[in-house]
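The values are calculated or read from the model by the stated rules, or taken from the named source; none is laboratory data. Small disclaimer: the values here were computed from a predicted structure and weren't measured. Backbone-built Cβ (ideal geometry, glycine too); neighbour counts: all protein chains shown.
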Amino acid sequence: MARWLLSRKRWMLAALLLGAAGGLLSWLAVTLVQPYAGFDGQAILNFPRGSSTNQIAAQLQQAGVIRWRWQLWAARLLRPKTALQAGEYRFDEPASPLQIYDRLARGDTFYYELTVPEGANMYEIASLLDQGGIIRGYDFLQAAANPNEIRDLAPEAPSLEGYLFPATYRLSRQTTAAELVRRMTDRFRRAWKSLRTSEDVHRIVTLASLVEKEAVRSEERPLIASVFRNRLDRGMKLDCDPTTIYAALLEGRYRGSIYRSDLASQNPYNTYQHAGLPPGPIANPGLKSLEAALRPANTNYLYFVATADGSGAHIFSSTIEAHQKAVAQYRRADKKRKKESPITSSARSRAPGRD
């Protein structure tokens, strides 16, 4: 009888232990799949290369991403063959420890996107970076001022202006200005290679930058390129307003509009005072402007002026007489529109042949 009672007690104890273990396992399972967020808004964490599981777990717990650090260890025990990836992660909504672990194992890191539009110059890119707060605009300008990244392709380049290819770039807080300009020039190299040309890189990129700044409508790029090519062939000054603006930017005196003093500036970039192309690009052209500079339309145009309808289109002329008539037409239409509307016209009137 005593043995039977002892055996029964052992079975009851075992049952209790099994029940407790089952309950504990159930609780553990729930905690691993239950979403949690102990932070306000968002938590951005960076895990450097070589971070241990314990270090990562400690950061996650401290930031309120997981409740207890052992939860990450438990998730790792369930998936022992996976490795956690270094990088920057953003957590902005409740997630379970298993979901967090999956993100770290996939390397689902957080990136900031920098979109550089076609025709942006390095000063405008620096301003975008300052707005994003990831890379200082000043640091970017310092890196972009050094042409070494493109020296093998364009030994005459005074800076990286023109070779910072417009595209969308993914940045992290660890991205440096030097890394960014390297990626941008690498994108330029790929774009240039796709053109399959043996033309002088620096000359084409410089011409393409002028086309990019003057063109509003894509289909007019080859026509605008033809005007510049024709004027270059005849030894005429290009009279390109964007080069005057760029000269003022370089000297730190651009005031938002072009003044007579800007047109009279002897800066080498001012094509109102110097014949030929400026010393380097004035912006960063996209692929279509590079193609237009390589293959301008076959025209005898020497002038163009914007239409007054705000469409971005231009009127192209082969003679100064025809151009002056187009300019007069623009001014009459622009004056009429300003009288009819209190809103100031934003139509572009910049064009070679300003009178």
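Key figures for this structure:
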{"read-out": "Single unsatisfied condition, F110 versus (1) under 21 Å from the mean Cα position of the chain (by Cα); (2) of a type in the set (A, V, I, L, M, F, W, C); (3) outside any loop (DSSP other than H, G, I, E, B)", "value": "(3)"}
{"read-out": "Cβ pairs under 9 Å, 6+ apart, first in the range 232-256 and at positive phi, second assigned to a loop (DSSP other than H, G, I, E, B) and charged (D, E, K, R)", "value": "D239/R354"}
{"read-out": "Residue that is nearest to E118 (Cα to Cα) [pool: residues in the range 287-304 that are buried (at least 24 other Cβ atoms within 10 Å of the Cβ) and under 27 Å from the mean Cα position of the chain (by Cα)]", "value": "S289"}
{"read-out": "Filter result for L28 (at pLDDT below 90 and part of a helix (DSSP H, G or I))", "value": "yes"}
{"read-out": "Qualifying residues in the range 240-261 (those that are within 18 Å of I125 (Cα to Cα) and of a type in the set (G, A, S)) - the one surrounded by the most Cβ atoms within 10 Å (Cβ to Cβ)", "value": "A247"}
{"read-out": "Residue in the range 157-174 that is aliphatic (A, V, I, L, M), surrounded by fewer than 17 Cβ atoms within 10 Å (Cβ to Cβ) and at pLDDT 95 or above present", "value": "no"}
{"read-out": "Every residue from the range 45-58 that is surrounded by 14 or more Cβ atoms within 10 Å (Cβ to Cβ) and over 15 Å from R76 (Cβ atoms)", "value": "L45, N46"}
{"read-out": "Enumeration of residues in the range 277-315 that are among the charged types (D, E, K, R) and touching an Asp or Glu at 6+ places or on another chain (Cβ under 9 Å)", "value": "K288"}
{"read-out": "Residue among S218, S226, S209 that alone is of a type in the set (S, T, Y), closer than 22 Å to I150 by Cα and either touching a residue at least 40 places away in the same chain (Cβ under 8 Å) or touching a strand residue (DSSP E or B) at 6+ places or on another chain (Cβ under 6 Å) (or both)", "value": "S209"}
{"read-out": "Residues within the range 146-170 that are among the small types (G, A, S) and under 18 Å from the mean Cα position of the chain (by Cα), tallied", "value": "2"}
{"read-out": "The range 262-285, residues that are surrounded by fewer than 21 Cβ atoms within 10 Å (Cβ to Cβ), touching a helix residue (DSSP H, G or I) at 6+ places or on another chain (Cβ under 9 Å) and among the small types (G, A, S)", "value": "S265, A275, G276"}
{"read-out": "Residue tally, condition under 39 Å from the mean Cα position of the chain (by Cα) and surrounded by 14 or more Cβ atoms within 10 Å (Cβ to Cβ), over the range 305-328", "value": "15"}
{"read-out": "Restricting the range 130-154 to residues that are touching a residue at least 40 places away in the same chain (Cβ under 8 Å) and in contact with a helix residue (DSSP H, G or I) (Cβ under 8 Å, 6 or more places away or on another chain), the residue that is surrounded by the fewest Cβ atoms within 10 Å (Cβ to Cβ)", "value": "R136"}
{"read-out": "Restricting the range 179-200 to residues that are hydrophobic (A, V, I, L, M, F, W, C) and under 12 Å from E291 (Cα atoms), the residue that is farthest from the chain's Cα centre (by Cα)", "value": "L195"}
{"read-out": "The range 73-105: number of residues that are of a type outside the set (G, A, S), surrounded by 14 or more Cβ atoms within 10 Å (Cβ to Cβ) and assigned to a loop (DSSP other than H, G, I, E, B)", "value": "3"}
{"read-out": "Residue that is farthest from Y303 (Cα to Cα), among those in the range 222-247 that are part of a helix (DSSP H, G or I) and in contact with a Lys or Arg (Cβ under 6 Å, 6 or more places away or on another chain)", "value": "P242"}
{"read-out": "Every residue from the range 300-343 that is in a loop (DSSP other than H, G, I, E, B) and either of a type in the set (A, V, I, L, M, F, W, C) or under 14 Å from E220 (Cβ atoms) (or both)", "value": "Y301, L302, T307, A308, S311, G312, A313, I343"}
